[in-house]
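To start, the structure under review is shown below, and the notes come after it.
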Amino acid sequence: MRFKEKVAIITGGGQGMGKAIAEQLASEGASVVISDINPETANEVARKIESSFQTRASSRKTDVKKRDDIFDLVESVNKEFGRIDILVNNAGICSLTGIEDLSEEEWDEMLNINLRGVFFCSQAVTPIMKKQGHGKILNMASLAGKVGGVVVGVHYAASKAGVICLTKSFAKALAPYGVNVNALAPGPIDTAMTQVWPQDMRKNFAKQTPLGRFAQTEDISEAALFLLSDGARHITGEILDVNGGLLMD
Ligand SMILES: NC(=O)c1ccc[n+]([C@@H]2O[C@H](COP(=O)([O-])OP(=O)(O)OC[C@H]3O[C@@H](n4cnc5c(N)ncnc54)[C@H](O)[C@@H]3O)[C@@H](O)[C@H]2O)c1
């Protein structure tokens, strides 16, 4: 029970990676707050967690594009639970739109959710974690943020590169307060985000991956749990590749 008595917020926790990380944290004792723009899926995940594990779970409707939603979320969780030990900045969108077709609206939407949202969620928990003298922030970056998008749009890749730099900047700023800030840089994962990709593209990725398959959410959530655990206490500013060997640097 590595996370007993820990309180975790997971943004975009209503499905996919966020749901997998929330369930695994709860299975190891954490109280979890499932925050998502979709209140139905967030509530479903919270109810399922409460019936499966002996822990607390609640849900919040939060649009990470909206700074006020974010600050309401953090304030209400701190009030309800009296602490915030873990923030998983997981909410995100993806798009395959090419350079010449990319509109101003689509660029803004991508950056507002994937990068600006991560900044304001991290900003909102900062005074709480500083005061506690501990905390863990984990950001979902991406392989595309390290090498540039191959199939995904330049706006997605740029947003994730921003997340990588933001992770390192927060890690430096919060290290004196005992707060660890890290990121995962996964390759493609089998979630709704990639299930809309053409089948041959998914097969190609699996073929090109040295470990020979498309990642499932559990392949990634194990790595997330390690970075959130006390075992990773001396790791901060790390961008951990979890990509089956697609990138080795
Ligand atoms: N699936 C992949 O191949 C892959 C690879 C690398 C990184 N990632 C990253 O992992 C994270 C999770 O992705 P996933 O694959 O689980 O995708 P997903 O589409 O299955 O889930 C994303 C979740 O984020 C929520 N969300 C979207 N916009 C939001 C907003 N404005 N405010 C709050 N919540 C919002 C959605 O409702 C959904 O529950 C994302 O940041 C994604 O970029 C995914």
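Brief remarks on what is shown
- Applying the criterion of being open to solvent by less than 10 Å² (accessible area, probe 1.4 Å) and more than 7 Å from the ligand (Cβ to nearest atom) to the residues of the range 1-11, the residue that is nearest to the chain's Cα centre (by Cα) is ILE10.
- Restricting the range 42-84 to residues that are among the β-branched types (Val, Ile, Thr) and within 17 Å of GLN24 (Cα to Cα), the residue that is surrounded by the fewest Cβ atoms within 10 Å (Cβ to Cβ): THR55
- Single unsatisfied condition, GLU75 versus (1) in contact with a Gly (Cβ under 9 Å, 6 or more places away or on another chain); (2) over 27 Å from TRP197 (Cα atoms); (3) acidic (Asp, Glu): (1)
- Residue within the range 140-150 that is of a type in the set (A, V, I, L, M), at pLDDT below 95 and either open to solvent by 20 Å² or more (accessible area, probe 1.4 Å) or assigned to a helix (DSSP H, G or I) (or both) present: yes
- Of ALA171, ALA161, ALA215, all but one fail to be out of contact with any helix residue (DSSP H, G or I) (no Cβ under 8 Å at 6 or more places or on another chain), among the aliphatic types (A, V, I, L, M) and more than 8 Å from the ligand (Cβ to nearest atom); the exception is ALA171.
The values are calculated or read from the model by the stated rules, or taken from the named source; none is laboratory data. Predicted model, so just to flag it, every value in this text is computed and none were measured. No Cβ is skipped: glycine too gets one built from the backbone with ideal geometry, and neighbour counts run over all protein chains shown. Side chains are part of the model used for accessible areas, which takes the heavy atoms of the whole protein and leaves out ligands, DNA and RNA. Shrake-Rupley method; radii C 1.70, N 1.55, O 1.52, S 1.80 Å.
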